[in-house]
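The structure appears below as structure tokens.
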Amino acid sequence: MQLVGSDYVLKQQKTRWITNGSIATHALLIISSTDNQKEVVTVIPLDQPGISRSNPVSKMGLRALNQCELFLEDVKIPEASVISAEGIRARALESLHGCVGQIAVGLAQSAFDESIAYANDRIQGGVPIIRHDNIKLKLFNMYTMIESSRAFARSLVPYNQADRIVPSLKRAIALRVIASQAALTVTSEAVQIFGGPGLMKAYPVEKMLRDAGSLMTVNGTNHALALMAQHDPQ
């Protein structure tokens with residue numbers, strides 16, 4: 001971004017995986033200025049000249065989450081509408097990754113509930129499979145991962161609302177990493193409990209497994225985010 005007269009100008013910028021990008025009317029941009037190397041933030045309408053969007057991308061999972069590519073070429077932003085990103089960036093990222101973590105907890109819980117119901121109905125060896133020791137062990141391990149992630153998620157909100165100007169991005173990323181990994185493990189175990197039917201679209205656990213896999217990479221991979229969190233002092 002460069003300052004030209006009283007306007008900042010974005011030249012040939014391409015952003016990927018913009019949430020709600022193909023249906024949103026405005027976008028929150030956090031960008032770096034080439035003039036002073038500081039991050040700034042602004043809100044821009046997406047119908048102004050120089051802005052175009054791709055069609056929604058087709059994904060393995062999280063298909064209900066609308067995402068697309070956004071192209072900006074010679075887009076003018078009034079200098080008066082640009083403010084420092086300090087604090088705002090941390091709050092936005094904390095909210096984003098904290099939300100992904102909570103979604104992961106809910107996804108894991110849904111897979112667990114489906115597994116319990118199926119294990120009570122599926123008969124193998126003359127009894128419901130929930131009475132088999134290997135299934136009992138799987139379900140208990142799934143339960144412990146879900147409850148651990150849920151407890152962390154519940155502790156994050158009051159921590160970041162305790163009169164803190166800058167929230168703990170490290171804690172939000174930690175929740176996202178722990179909960180998304182738990183969701184992937186739990187949904188994978190759910191498919192194992194279902195056996196062959198777990199791969200069929202007639203049952204929801206195959207979709208849950210795809211969604212859990214997508215949560216591992218949405219808005220950054222878990223490994224990349226873990227490295228980012230090391231720079232957060234809290």
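We did not get these values from a lab; they are worked out from the coordinates using the rules stated. Quick caveat: nothing in here was measured; it's all calculated off a predicted structure. When we count neighbours, we look across all protein chains shown, and the Cβ atoms used for this are built from the backbone with ideal geometry, even at glycine.
A few notes on this one:
- Extending 7 Å from Cα along the Cβ direction at ILE30 and again at ARG91 yields two label points whose distance is 1.2 nm.
- Prolate/oblate/rounded call for the range 1-106, Cα gyration tensor, a/c under 1.5 rounded: oblate
- Subtracting the Cα-Cα distance of GLU73 and ASN120 from their residue separation scaled by 0.36 nm leaves 11.2 nm.
- The packing ranking of peptides 10-20, 182-192, 112-122, 211-221, highest mean first, is 182-192, 211-221, 112-122, 10-20, where packing means the average number of other beta carbon atoms within 10 angstrom of each residue.
- Between ALA27 and ILE44, LEU46, the built amide H atoms are under 5 Å apart, and every one of these is 5 or more places off in sequence or on another chain.
- Helix 205-215 and the longest principal axis of the C-alpha atoms of the chain enclose an angle of approximately 30°.
- Computed magnitude of the charge dipole of the range 2-84 (debye, nearest 20; Cβ of K, R +1, Cβ of D, E -1): 420 debye
- Between the Cα long axis of helix 88-121 and the first principal axis of the chain there is an angle of about 20°, rounded to the nearest 10.
- Between the Cα long axis of helix 133-160 and the first principal axis of the chain there is an angle of about 30°, rounded to the nearest 10.
- Modelled this way, with points 7 Å down the Cα-to-C-beta line, the labels at ARG63 and GLN192 are 2.7 nm from one another.
- Cα-based shape type of the range 62-110, given that a ≥ b ≥ c are square roots of the gyration tensor eigenvalues and the cut on a/c is 1.5: oblate
- Approximate spin-label separation TRP17-ASP113, in nm, with each point projected 7 Å along Cα-to-Cβ: 2.8 nm
- Our coupling estimate for the range 57-69, obtained by passing each phi through the Karplus curve with A = 6.51, B = -1.76, C = 1.60 and θ = phi - 60°, is 6, 8, 10, 5, x, 6, 5, 6, 8, 5, 9, 8, 9 Hz, Gly and Pro reported as x.
- Set against the labelled values (i) 61, 38, 31; (ii) 80, 40, 24; (iii) 52, 39, 36, Cα extents along the principal axes in Å computed from this structure falls on (ii).
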